[in-house]
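Take a look at the structure set out below.
The values are calculated or read from the model by the stated rules, or taken from the named source; none is laboratory data. Just so we're clear, the structure is a prediction, and the values are computed from it rather than from any experiment. Glycine gets a Cβ as well: all are built from the backbone with ideal geometry, and neighbour counts include every protein chain shown.
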Amino acid sequence: MKVAIVVPSIHDGGGVPAVAKYLYDILSIKYQCQLVSVSTSLNDSFSIKLFSPSTWGRGIRVDKSLWEGKEVLNVGAFLTEFESQRYMPRIELTELLNQYDVVQIVSGAPAWAYLAKNVQVPVFLQTATLLKEERKKVIEGAKGLRRLYLQFSTFIGGMIEKKALKVIDVVFVENFWMKEYLAEVLGEHKVLMAPPGVDSVLFIPKEHNSNQHIDNKYIVSVGRFNDKRKNIHLLFEAYSLMSNLNDNTPLLFLAGLSGPSEEDWLYADRLNIRENIRFKKDILDDELVTLLQNAEFFVCSSDEEGFGIAMIEALSCGIPVISTRCGGPETFMRHGINGYLVENNNATELAERMNELSINDNLRFKMGLTARKIVEDEFSNNATSRVFLNKYEEIAVNLNTSKEYL
C-alpha cells in the first residue's frame with residue numbers, strides 16, 4: 001500500500017515535521033511512503049505569486065528535495081501570499097495524491113486537511129490543536145493592522161477548518177482535549193488517541209558511573225522561543241523568583257531552532273538574570289541528549305502545546321519535567337510522579353516547584369526513574385507505534401479507495 005504523508009513546509013523544522021518523521025519511520029516499515037511538503041510561505045519557489053508576474057505563466061510546481069535523507073515532493077500554492085490560499089486544493093496536488101492508497105496529513109491544526117477535499121482515496125489526519133488556539137497568544141501580542149490581519153485570517157482559517165473536518169475519514173489526536181472536541185464534532189468512531197513516540201534508544205538516562213563532568217548545574221528548556229506561545233517571559237520571571245528563594249540557583253539553559261527576541265533579552269536584563277542564561281541554537285541530537293541527561297530538570301512555560309515532543313525526550317533521559325497546564329503535557333505528565341503541572345501564567349507556583357526540585361536531589365532522582373519507566377511503557381516509539389499501526393492497519397484494511405464506504 002502506498003501512503004502520501006503531507007506536511008506543511010517540512011523543511012522549516014519544529015514539532016509538526018518531527019511528528020511526520022515519526023510517522024514516516026513507523027509506516028515505512030510496512031508501507032511505501034512518500035513525504036509531500038506543501039507551501040506555507042510567500043518565499044517558496046514552487047507557488048504562483050500575485051506580486052511576482054514571472055510565476056503567472058509557469059503554474060504551480062512540483063519539485064523534489066531531500067530532508068533528513070528522505071525524498072520530499074514540494075508542492076506550491078496559488079497566490080501563496082494569502083494564508084487562506086495555502087489551505088486550498090489545487091489540481092497538481094490532487095492528481096499527485098490520487099496516485100496513493102491513503103493520504104496521511106500531519107499538521108498542527110485541521111485546516112490543512114482541506115487540501116485533500118477533491119482526493120478520491122481515504123484521508124487520515126494527525127493533529128494537535130485548533131487554529132484559534134494556536135493563534136491566541138500571537139493575536140494578543142499583535143497591535144494595529146497586524147492584529148486586525150491576524151484576527152481576520154484566523155477567522156477565515158477557522159471557517160476552512162470546519163469544512164476540512166468533513167474531508168477527513170480518520171483523525172489521530174495527540175491530547176485529551178482535542179480528542180473530546182473532535183469526538184463531539186465527528187463522532188467517536190472517527191477519532192483515535194495516538195500521540196507520537198520518542199526514540200527511547202537514543203534518549204536514554206546518563207549512567208551513574210559516567211565520566212561526564214558538569215562544571216555548572218543547570219535547568220533546561222527546549223523550543224522555538226520566538227513563538228509567543230512559549231511564554232518565555234513567564235519562564236524568566238519564575239527563574240528570577242527562584243533565584244530569590246535559592247542562593248545556589250542553577251543556570252538556565254535554553255536550546256532550540258530560534259532564541260528569545262531582543263525584547264525578551266531586555267526583559268531578562270531588567271530581572272537581572274541574563275548573565276545566568278545560556279542559549280544554544282540548532283542543537284544536534286547527540287548534543288541534545290547530553291544536554292538533557294545532565295540537566296537537573298526540564299521546564300515548559302508555554303500557554304499552548306499540542307503535545308510536547310521535547311518534554312517526552314527529557315523524560316526519556318530520566319529527568320523530571322515541570323510544565324504549565326497547556327493542553328499537550330497533560331497527556332504524559334503525572335503530577336507529583338514524573339514532575340509537576342502548574343497553572344498557566346503563575347510565575348510564583350512555577351518558581352516554587354522549580355526550587356523544590358532544585359534543592360531535593362532524592363526527589364529528582366526518584367521522579368527521573370519513574371519518568372523513564374512511563375516513557376518506556378507508554379510513549380516510546382515501540383509503545384506508540386504498536387497502538388498506531390494496529391489501528392492504521394485495521395482502518396486501511398476496511399477502507400475502500402472510495403470515500404463512499406461511510
Given the conditions (1) in a helix (DSSP H, G or I); (2) over 27 Å from Met333 (Cβ atoms), and given that Val167 satisfies all but one, which numbered condition is not satisfied?
-> (1)
Are there any pairs with C-beta distances below 7 angstrom linking a residue in segment 343-359 that is touching a residue at least 60 places away in the same chain (Cβ under 8 Å) to a residue that is part of a helix (DSSP H, G or I) and surrounded by fewer than 16 Cβ atoms within 10 Å (Cβ to Cβ), with the two at least 6 apart or on different chains, and if so which?
-> Ala351/Leu245; Asn355/Leu245; Leu357/Leu363
Being among the polar types (S, T, N, Q) and in contact with a Pro (Cβ under 6 Å, 6 or more places away or on another chain), is that true of even one residue in segment 15-30?
-> no
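Looking only at segment 4-32, count how many residues are of a type in the set (A, V, I, L, M, F, W, C) and in a loop (DSSP other than H, G, I, E, B). Even if it seems obvious, please write down each step before you answer.
We begin by selecting, within segment 4-32, every residue of a type in the set (A, V, I, L, M, F, W, C); these are 4-7, 10, 16, 18-20, 23, 26-27, 29.
Okay, now just the ones that are also in a loop (DSSP other than H, G, I, E, B), so 29.
Counting residues in segment 4-32 that are of a type in the set (A, V, I, L, M, F, W, C) and in a loop (DSSP other than H, G, I, E, B) gives 1.
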Exactly one of Leu42, Leu35 is assigned to a loop (DSSP other than H, G, I, E, B) and either assigned by TED's automatic domain parsing to the domain that holds Thr129 or within 23 Å of Gly157 (Cβ to Cβ) (or both), and that residue is Leu42
Could you tell me which numbered condition Arg278 fails, if it satisfies all but one of (1) touching a Phe, Trp or Tyr at 6+ places or on another chain (Cβ under 8 Å); (2) under 26 Å from Glu343 (Cβ atoms); (3) loosely packed, with under 15 Cβ neighbours inside 10 Å?
-> (2)
Per the filter on segment 238-293, residues modelled with pLDDT under 95, outside any helix (DSSP H, G or I) and aliphatic (A, V, I, L, M) are Leu257, Ile283, Leu284
Subset of segment 127-150 that is touching a helix residue (DSSP H, G or I) at 6+ places or on another chain (Cβ under 6 Å) and not basic (Lys, Arg) - its residue that is surrounded by the most Cβ atoms within 10 Å (Cβ to Cβ) | Thr127
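Would you confirm whether any residue within segment 59-69 is of a type outside the set (S, T, N, Q) and within 26 Å of Thr129 (Cβ to Cβ)?
yes
Regarding segment 128-135, can at least one residue be identified that is without any contact (Cβ under 8 Å) to a residue 24 or more places away in the chain, assigned to a helix (DSSP H, G or I), closer than 18 Å to Gly14 by Cα and in the same structural domain as Ile60 (by TED's automatic domain parsing)? Walk me through it before giving the result.
Kept after step one, since they are without any contact (Cβ under 8 Å) to a residue 24 or more places away in the chain, are these residues of segment 128-135: 135.
Now drop any that are not assigned to a helix (DSSP H, G or I), which leaves 135.
Add one more test, that the residue is closer than 18 Å to Gly14 by Cα, and what stays is 135.
Those left that are additionally in the same structural domain as Ile60 (by TED's automatic domain parsing): 135.
Within segment 128-135, one or more residues are without any contact (Cβ under 8 Å) to a residue 24 or more places away in the chain, assigned to a helix (DSSP H, G or I), closer than 18 Å to Gly14 by Cα and in the same structural domain as Ile60 (by TED's automatic domain parsing).
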Could you tell me whether segment 54-67 includes any residue that is without any contact (Cβ under 8 Å) to a residue 24 or more places away in the chain and of a type in the set (A, V, I, L, M)?
-> yes
Within segment 352-398, count every residue that is more than 19 Å from Ser323 (Cα to Cα) and touching a strand residue (DSSP E or B) at 6+ places or on another chain (Cβ under 9 Å).
-> 9
Segment 279-330 - residue that is free of Cβ contacts under 8 Å to residues at least 24 places away in the same chain and hydrophobic (A, V, I, L, M, F, W, C) and, of those, farthest from His11 (Cα to Cα) | Met311
Any hit, segment 37-55, residues being modelled with pLDDT of 95 or more and touching a helix residue (DSSP H, G or I) at 6+ places or on another chain (Cβ under 6 Å) = yes
Of Ser323, Ser316, which residue is at pLDDT 95 or above, in contact with a Cys (Cβ under 9 Å, 6 or more places away or on another chain) and crowded, with 18+ Cβ neighbours inside 10 Å?
-> Ser323
